[in-house]
Amino acid sequence: MKVKICGISDIETALYAVESGADAIGFVFAESKRRVTPKLAKEIIKHIPDQVFKVGVFVNERADVIQQIVNETGINVIQLHGDEIPEFCEQFSIPVIKALSIGSSEDLNQLDKYSCDFYLLDSPRGKYRGGNGVAFDWSLLSEEQLKGKKIILAGGLSIENVAEAIQLAAPYMVDVSSGVETDGKKDVNKITKFIERAKNRSKHEIS
Ligand SMILES: O=C(O)c1ccccc1NCC(=O)[C@H](O)[C@H](O)COP(=O)(O)O
């Protein structure tokens, strides 16, 4: 199972997550308590190995601003976490993750409207558009609607529930932010345990 650790804001935590096996690291450029400047993201990204995805998270941002941040920082995947329409998501030359808020089974119909590389399924908005630490009802997910799509499962995942989430949703990747924090800061022990749980679960699935 692939793992994305989102809301990274310092080099030490980024390196720790990578050494623990993270496949993707997320940087939030939208309104958030985890927001980073392009300058800081660039500094962190310099230390991250090539094979790790560097994801920039944006909410209803202008395309030229997103492109400028991509050029400036070394971000190589764009995550669009707002109300971006399908045509907006299709204009970039690097992979795009479209985040969708899942509050009802009808919300899953959005999946067919977009032609993106990845779809991140998250809870409906809380204080911010994402990163609120709240899980949605995974029983809404139907195999039929997810078929053929690379799904990133997000929203309230934690060490305690990630194995169950993987079993139920069989996503391409799991994404976590709040669940690997203590008192609002990334917690390296939680990061290691979360990645272990997520990756162990996938070993069981293969065997
Ligand atoms: O993380 C944020 O603060 C954030 C703010 C605004 C838009 C998106 C944001 N995060 C995007 C992510 O990919 C989070 O990891 C995802 O929403 C799950 O977060 P959590 O429920 O805290 O694990």
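The values are calculated or read from the model by the stated rules, or taken from the named source; none is laboratory data. This one's a predicted model, so the numbers in the text were calculated from it and none came from an experiment. Reconstructed Cβ throughout: ideal geometry from the backbone, glycine too, with neighbour counts over all protein chains shown. Just the protein is used for accessible areas: all its heavy atoms, side chains included, with ligands, DNA and RNA removed. Shrake-Rupley method; radii C 1.70, N 1.55, O 1.52, S 1.80 Å.
Observations on the model:
- Using a cut-off of 21 Å between Cα atoms, the listed pairs LYS147/LYS190; LYS98/LYS150; LYS113/LYS150 include LYS147/LYS190 as exceeding that distance.
- Largest GNM mean-square fluctuation across SER32, SER101, SER177, computed for the chain with C-alpha springs under 10 Å, falls on SER32.
- Database remark: amide H of ARG129 closer than 5 angstrom to no amide H (H placed geometrically; neighbours at sequence offset of 5 or more, or on other chains; Pro and chain starts carry no H).
- The eigenvalues of the Cα gyration tensor, multiplied by 5 and square-rooted, give the stretch 89-183 an equivalent ellipsoid with semi-axes of 21, 16, 13 Å from largest to smallest.
- Remark on VAL28: its backbone amide H falls under 5 Å from those of GLY7, ILE8, VAL36, VAL57, a criterion applied only to residues 5 or more positions apart or on other chains, H modelled at 1.01 Å from N.
- Each of ARG129, ARG197, ARG62 has its accessible area taken with a 1.4 Å probe; listed largest first, they run ARG62, ARG197, ARG129.
- Its Cα centre serving as origin, the chain has a Cβ charge dipole (Lys and Arg +1, Asp and Glu -1) of approximately 460 debye.
- Per-residue ellipticity at 222 nm, computed for the chain from helices alone with -39500 (n - 2.57) per DSSP H run of at least four residues, works out to -8500 deg cm²/dmol.
- Counting only DSSP beta bridges whose two residues both lie in the chain, roughly 5 percent are antiparallel.
- Relative frequency of Cα-Cα separations exceeding 24 Å in the stretch 2-206, percent: 35 percent
- Each of SER158, LEU121, SER142 was scored by the projection of its Cα onto the charge dipole of the chain, and the greatest displacement toward the positive side belongs to SER158; charges sit on the C-beta of Lys, Arg, Asp and Glu.
- Here's the list of aspartates and glutamates a cross-link from LYS54 could span, going by alpha-carbon distance under 16 Å and ignoring same-chain residues fewer than 8 apart: ASP10, GLU12, GLU19, ASP23, GLU43, GLU72, ASP117, ASP175.
- Other residues within the sphere of radius under 11 Å centred on the Cβ of ASP175, judged by their own Cβ, net out at 0 (K and R +1, D and E -1).
- If you wrap the tightest convex hull around every Cα atom of the stretch 35-95 and split its volume per residue, you get 81 Å³.
- Take the chain with all the other protein chains still there, run a 1.4 Å probe, and you get 48 Å² of accessible area per residue.
- Total charge dipole magnitude, the stretch 94-205, about the Cα centre, Cβ charges on Lys, Arg, Asp, Glu only, Debye to nearest 20: 380 debye
- A Gaussian network model of the chain, with springs between Cα atoms under 10 Å, assigns the largest mean-square fluctuation among LYS39, LYS113, LYS127 to LYS127.
- Spin-label model, GLU90/GLN51: points 7 Å from Cα along the beta carbon direction are separated by 3.4 nm.
- Accessible surface of the stretch 2-206 [probe 1.4 Å, protein heavy atoms]: carbon and sulfur percent: 47 percent
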